[in-house]
Structure formats: C-alpha cells, structure tokens
1. Go through (1) of a type in the set (Gly, Ala, Ser); (2) surrounded by fewer than 21 Cβ atoms within 10 Å (Cβ to Cβ); (3) closer than 22 Å to Leu52 by Cα and name the single condition Gly190 misses.
2. With the checklist (1) closer than 29 Å to Ile108 by Cβ; (2) in contact with a Ser or Thr (Cβ under 9 Å, 6 or more places away or on another chain); (3) among the polar types (S, T, N, Q) in hand, flag the one item Asn11 doesn't pass.
3. Name the one entry in Arg254, Arg184, Arg232, Arg216 that is closer than 24 Å to Asp4 by Cα, surrounded by fewer than 20 Cβ atoms within 10 Å (Cβ to Cβ), at pLDDT below 95 and not acidic (Asp, Glu).
4. What residue, among those in segment 116-138 that are over 17 Å from Arg96 (Cα atoms) and in contact (Cβ under 8 Å) with a residue 40 or more places away in the chain, is surrounded by the fewest Cβ atoms within 10 Å (Cβ to Cβ)?
5. Give Arg232, Arg216 a once-over and let me know the one that is in a loop (DSSP other than H, G, I, E, B) and under 26 Å from Arg54 (Cα atoms).
6. Mind counting the residues in segment 154-177 that are modelled with pLDDT of 95 or more and of a type in the set (A, V, I, L, M)?
7. Which ranges mark the strands (runs of 3 or more DSSP E) fully within segment 9-96 that have 1 or more residues being over 26 Å from His198 (Cβ atoms)?
8. Could you go through segment 81-98 and let me know if any residue there is polar (S, T, N, Q), within 29 Å of Gly43 (Cβ to Cβ), free of Cβ contacts under 8 Å to residues at least 60 places away in the same chain and outside the structural domain of Leu12 (by TED's automatic domain parsing).
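The values are calculated or read from the model by the stated rules, or taken from the named source; none is laboratory data. Here the structure is a predicted model, which means the values were calculated and not measured. Positions of Cβ are generated from backbone atoms using ideal geometry, with glycine treated the same way; all protein chains shown enter the neighbour counts.
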Amino acid sequence: MTTDPVVETANLALVFQTNDGTVQALSDVSLTIERGSFVSLIGPSGCGKTTLLRVIADLEQPTGGSITVNGTSPAENRRRRGYGYVFQAPALYPWRTVLRNVTLPLEIMGASAAERAERARRNLELVNLEGFEGKYPWQLSGGMQQRVSIARALSFEPQLLLMDEPFGALDEITRDHLNEQLLRLWRTTGKTVVFVTHSIAEAAFLSTRIVVMSPRPGRILEVIDSDFPKERTLDIREAPAFTEIARRIRDGLRAGHSYED
C-alpha cells in the first residue's frame, strides 16, 4: 500500500434543511484515505456514515470544508467513473440475468458485446459466481445477490469501491463467508475500499483503518490503524491483537455516547 491519497477531506460539513428545521449531518470531518487501503466507517445509526460515503460519491454536496477524490472534485471523479458503489440492498433488476445485471453499466457506457462479456466473466469469477451467468436474481440467495451487485460495481474497473453496509441484512454465517471473500477480492484487485458498517467485529476483521464516528452531528472521534496481514482468516478473531482493536473501537463508541438514544 502506498501513501498516495485517494480521498482527502478537510473540515467537511454538511447541513440539511428540512421541514422540521436544520439538521447538521457532518461537522469538521478531516480524513485522508490512502490508495490500496481498506477503511471502515463505524458509528451509531444516523451518525453520518452513509452521508459521508454519499459525499465522496457526489450523491450529496457538502455545505462546508473541502474534499478531493482521486485528486479532483467528487463531481469530476463521478464523471470519470472513478468509483463503484455497492448499496445496502443488491438493487438487481429481476427480469435481467446475472450476466445482464453485471453488464448494465457497460451497456450504458457503450462497450462492445465482447468487452461486456469478458469483463462480466472476470468479475463474476472474482466473487465466485462463475457458472451463474444465466440465473435470475430470484434464483439466488441474498448473499449471492449481493455478490452480483459487487461484480456490477467492479464492471467498469474503478479503483475506488464504496460499500454501504452491504452485508448488514445477512445472517452471521453468510456474513462471515462474504467478509472472507471480500478480503480476497481486495487483496487480488488492490482497490481502495471505503466500507460502512455497524459491526465492531466486521470493522476490526476487514480494515486497515477504522474511523469511529460520533452521533449527529457526525464527527471523527478516533482513527484506529490495524496492521493485520492481508492474508488472514476468521481465526484471527481469536488473537489478542484482534480483541484489543475491537476493544478500542468499542471504547471509542462509548466515549461518543453511541449507546444512548
């Protein structure tokens, strides 16, 4: 991993105007995300994790501070197709096969049929779904559907992958399996991943850095570095170093009063 920054924010703020008044979603968020890193954003519901992800993606516009993504504005990075976005729900079209769901962005981009097929094959292999190209979403489990959505996000080969709690609705066994698969994909592709989660164990297992956020207005309480080897399995959760990182995350959340309504 290099120290080349992919995302840089300085004193970032975002205020929403609603019918009930002003809501400050983010306040004074300063963060650097380096190329090739796996950064998790963790905090209580409503703390601004997804809002920050959407600002990076140019789906929300900040009202203060500054942000660059891949050395340019979020809007320009979006126009360059500089990121892939994986939502909480797979958001697959039920009338399109797995293959045609994955190739949809490439169709919009005007890629040739041969290029679409090759990229889809490569990315479905990355998420261990080769052989399922002709299936429809309703024929797949929830975990498999989410893997299709990851393959779709990778289809136009972005270097930045934004993931908004993609495994939150899955059972623990499936979630653990997908966590291991996601780590393998990260190692294989070298992509930069920004990952939203509510799970302390998931953040500790996946990440090179964990960003602990406060209740609204969303601020960064602590950034915790992890130096676990890239080649790791779920067994690492039994190691004292893992327990220590999980404890630091939990302490950070408690310090931010995350367990209060």
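1. (3)
2. So Asn11 meets the others, but not (1).
3. Details: Arg254 fails: closer than 24 Å to Asp4 by Cα; Arg232 fails: closer than 24 Å to Asp4 by Cα; Arg216 fails: closer than 24 Å to Asp4 by Cα.
Criteria check complete, one pass: Arg184.
4. Asn128
5. Residue meeting the stated conditions: Arg216.
6. Selection size over segment 154-177: 4.
7. Values: elements: 21-34, 38-42, 64-69, 83-86.
Hits in segment 9-96: 21-34, 64-69.
8. Residues of segment 81-98 polar (S, T, N, Q): 88, 97.
From the residues that got through so far, the ones that are within 29 Å of Gly43 (Cβ to Cβ) too are 88.
From what is left, the residues that are free of Cβ contacts under 8 Å to residues at least 60 places away in the same chain are none.
The answer is no; no qualifying residue exists.
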